[in-house]
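A.B. asks: Attaching a single structure in structure tokens format; questions to follow.
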Amino acid sequence: MKKNGFTLAEVLIALAIVGIIMALVLPTLSPTKKATKYLYMNAYNSLSKAYYNAMIDGYNPFTDETIDDIAPSHSDANDSGAELICRGLSTYINTTDNEKTSTHDYSKSCSSSKVTSKNADSFTDENVQFIATNGMKFYTSRNIWDSDIKFYLVFIDINGDKGPNTVQYTYKGGRRASDFDSDEKRAQAEIEPDIYAFALLETGRICPIGIPEFDKDVMTARFAYYDNDGEPLYTSKSLAYYQAKGAAWGYYNADGPNVLNFNIDEPFTLNDIIRQKLSGSKLVEDFPADLSSLSPVATAKEDPYHCSNTDLESCYVFLDSYRQF
């Protein structure tokens, strides 16, 4: 009786085809955190450059100066400052909504009434200010300011129409973090947030707020300070963003050689001041109550360990992904 089978050549060809398919598929199976980190840094970099250039062009919501026949005004229902931010950002970020003409037609978006709450609890298509050509959605809050600080919040949905459309970690099956009896099981069920917030300051700089401050899977940073001769010295260790800012601004105390420990008595970092103004927001609910997890950290061997506390923006904190100040 004749038996049919595969020749060695056929088997090798089949294995080669399987290998090629696996090579194509594996990149799409890489951890979600890597994709999140890339998308987040792309959003951060685009926003920081666009906001800086927009402020230079006069799209400044913190003054009384009129631009595009709009004078900044602020109320709970309408905030033309948020509209100016939208106009400025979408001048430098390619969008699917705004026509790039000589007169900059913003009729399809950038409404002063489409503001998002600082509570970060409402992200609908009705209050999207504009959508970038890469699918990222941009939302803007009304002004948040008092005698201490002035800022707006810009929320960016880094994956567009895909879920979960939240600034917080969610969990498979609708469970909560308290439903898990171990950190390992909780981590396995985590669904990463896809909306991230940035505080836009009147200085033209932006400040990351929320989970990226302390989650190294989203963003890491380093800090630099000046030595006694006025030369900048850079830390060699990547830290959580909040940790780097805290170390740079003296939020840690030197305790022994080459180690800084968390010190709650030192002045707040800029992030802490911003967070104080966001009471009740989902942006602050996940922030670690026990900040000891962010210390101690090895830094430089020589004093001084940090910059001056009198100027919260005098220190250098740069992100690992772009090495930018």
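The values are calculated or read from the model by the stated rules, or taken from the named source; none is laboratory data. Computed from a predicted structure; not experimentally measured. Every residue, glycine among them, receives a Cβ derived from its backbone with ideal geometry; neighbour counts consider all protein chains shown. These accessible areas exclude ligands, DNA and RNA; they are computed on the full protein's heavy atoms, side chains included. Shrake-Rupley method; radii C 1.70, N 1.55, O 1.52, S 1.80 Å.
A.B. asks: Look at residue 220 and say whether it is open to solvent by less than 50 Å² (accessible area, probe 1.4 Å), β-branched (Val, Ile, Thr), modelled with pLDDT under 80 and farther than 15 Å from residue 287 by Cα.
C.D. replies: Against the criterion (open to solvent by less than 50 Å² (accessible area, probe 1.4 Å), β-branched (Val, Ile, Thr), modelled with pLDDT under 80 and farther than 15 Å from residue 287 by Cα), residue 220 does not qualify.
A.B. asks: Please indicate, with yes or no, whether at least one residue in region 123-137 is within 20 Å of residue 71 (Cα to Cα), modelled with pLDDT of 90 or more and open to solvent by less than 30 Å² (accessible area, probe 1.4 Å).
C.D. replies: For region 123-137, residues within 20 Å of residue 71 (Cα to Cα), modelled with pLDDT of 90 or more and open to solvent by less than 30 Å² (accessible area, probe 1.4 Å): present.
A.B. asks: Go through region 153-188 residue by residue and tally those that are within 24 Å of residue 117 (Cα to Cα) and in contact with a strand residue (DSSP E or B) (Cβ under 7 Å, 6 or more places away or on another chain).
C.D. replies: Looking only at that region, the number is 14.
A.B. asks: Quick one: in region 62-98, of everything that is in contact (Cβ under 8 Å) with a residue 12 or more places away in the chain, under 26 Å from residue 44 (Cβ atoms) and part of a loop (DSSP other than H, G, I, E, B), which residue is most open to solvent (accessible area, probe 1.4 Å)?
C.D. replies: Once the filter is applied, the top-ranked residue is 94.
A.B. asks: While we're here: Going through region 150-196 one residue at a time, which ones are among the polar types (S, T, N, Q), under 30 Å from residue 51 (Cα atoms) and surrounded by fewer than 17 Cβ atoms within 10 Å (Cβ to Cβ)?
C.D. replies: Matches in region 150-196: 165 only.
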